[in-house]
Amino acid sequence: MALPHQLDAILALVDEIGAQLTDLAPAVDNRQSDSSESYRLVKESGLLGLLIPRQAGGAGLNYQEYSQVLARLAQYDAATALGFNMHNVALGSLCESADKPMPPAAEAFRAWVFDEVIQRNMMFASATSETGSGARLRGIQTHYRPHEDGFLLNGTKSFVSLAGAADYIVVTARPEGSDSDSEVTHFVVGRHDEGVQLGQVWDGFAMNGTQTASMTFENVWLPRQRLFLAVEGMSLFKLVREPHWMISGYTGVYLGIASALLAHITEAVRNTPSQCESSAILQEVGKLSAELQAGRALLNEAGGAISQRRGTIDANAAVHAAKYFIGELAPRMAMAAVRICGAGTLNRSRPLERLLRESFFCNVMPAKPLDCLEYLGKAQLGVNLFDARQMNW
């Protein structure tokens, strides 16, 4: 399906498939189905090409526009939106480089990725998290070494969203024998490449539609063409300079969750005359509305800063501020929904119950609240955040 270029038309497309995603979500939650059908809908809609530049056949959305689309998708099915986001986190920085001339090998890699998404409808995912280091690049143990005009990859990733759905996994690794935290490289691994093993699929409190699992790579041979942008050792440098995809790609999902929660609260109050007449309830709903507007404004400000001043400290600080505020807002909105709407919100047959569960995971998604605050504190004090030693990644 051809993806429209205009944001309004893309949002309408999300609304079109959203009702179907909502209908599929309960079966996924109840372990009666995996989320394969949900991701099939996403693929067939053309949404995989949201960030791919228009000249390569995609919609060419920027971070701000993408966040709006992600928020809308999350209002229907937050878990699928979280999984879908990993495709875009894997490709975001690559898409932003589309108008930048590069060496021939890098140009060929970029063209190959764009073609895989647009022409072959391939889904990508990102694999960074490991036991002990989490989503940080520092301390990862997955390693690689040169082998037969390519590389051998070995290691285990502990928490890979889309592990069971993506066609390609973008994997972080360090050179074998190196103890340097700065020499981190990304590779593109096919999910069915020899030596790739999928672990047990996540079975938890929430995020059951993300097809998250551990992945093990045992002597996986990768041709040189699978080296991300054909260059080694640039991953940490890129993250320090432009962290928005890694630390705030999720933020639109949780803004969407907060928006959906407020919509449920609003409907419940409207249908309860005693609450409509309660000054305390009206004031609380008003406060939640103001906080949601503030969160949306912060994310829009961050998106605008990225578009205009990508890679600057003030743009990166704006991204951290949005992630922190919305990450705190979503679970706060969830608790307000329980207080105002009552015990019925916890009935598993209701969509609101799912939103409550998903909202609490924002605080464990990178960057975590305290990481955001530390970055903002350093930025305020004038610390050189382009010095990788000042970053906790």
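Sum -39500 (n - 2.57) across every DSSP H segment of at least 4 residues in the chain, then divide by the residue count to get the 222 nm mean residue ellipticity, nearest 500. Using -39500 (n - 2.57) per qualifying helix, the result is -16500 deg cm²/dmol. Here the gap between Trp221 and Ser36, fully extended at 0.36 nm per residue and compared with their Cα-Cα distance, gives a gain of 63.8 nm. Note on Lys157: lysines with a C-alpha under 22 Å away, same-chain residues under 8 apart excluded, are Lys238, Lys368.
Using Cα positions and a limit of under 15 Å, work out the aspartates and glutamates in reach of Lys287, with same-chain residues fewer than 8 apart set aside. Output for Lys287: Glu328.
Using the 1.4 Å probe convention, the accessible area of the chain works out to 42 Å² per residue with neighbouring protein chains retained.
Among the GluC sites (Glu not before Pro) found in the stretch 175-237, those both in a DSSP coil and sparsely packed, with 12 or fewer other Cβ atoms within 10 Å of their Cβ, are Glu194. Report note on the peptides 40-51, 293-304, 370-381: ranked by the mean count of other C-beta atoms within 10 Å, highest first, their order is 40-51, 293-304, 370-381.
Expressed as a fraction of 2.2 N^0.38 Å, the C-alpha radius of gyration for the chain is 0.98.
Based on C-alpha pairs under 8 angstrom that are at least 6 apart in sequence, the chain has a relative contact order of 16 percent. Taking label positions 7 Å along the Cα-Cβ direction at both Gln119 and Ala9, the computed distance is 2.3 nm, reported to one decimal.
Report, in degrees rounded to the nearest 10, the 0 to 90 angle that the Cα long axis of helix 78-96 makes with the longest principal axis of the chain. For 78-96 against the chain, the angle is about 40 degrees. Between the stretch 104-125 and the stretch 323-356, how far is it from one alpha carbon centroid to the other, in angstrom? Here the two parts' Cα centres lie 39 Å apart. The trypsin sites (Lys or Arg not before Pro) found in the stretch 89-158 that occupy coil by DSSP, while having at most 11 further C-beta atoms within 10 Å, are Arg120.
Once you place label points 7 Å from the Cα toward the Cβ at Leu198 and Ala263, how far apart are they in nm? Distance between the two pseudo-spin positions: 3.1 nm.
The values are calculated or read from the model by the stated rules, or taken from the named source; none is laboratory data. Everything numeric here is computed off the predicted structure, so don't read it as measured data. Methodologically, a virtual Cβ is constructed for each residue, glycine included, from the backbone with ideal geometry; neighbour enumeration extends over all protein chains shown. SASA here: full protein model, heavy atoms, side chains in, ligands and nucleic acids out. Shrake-Rupley method; radii C 1.70, N 1.55, O 1.52, S 1.80 Å.
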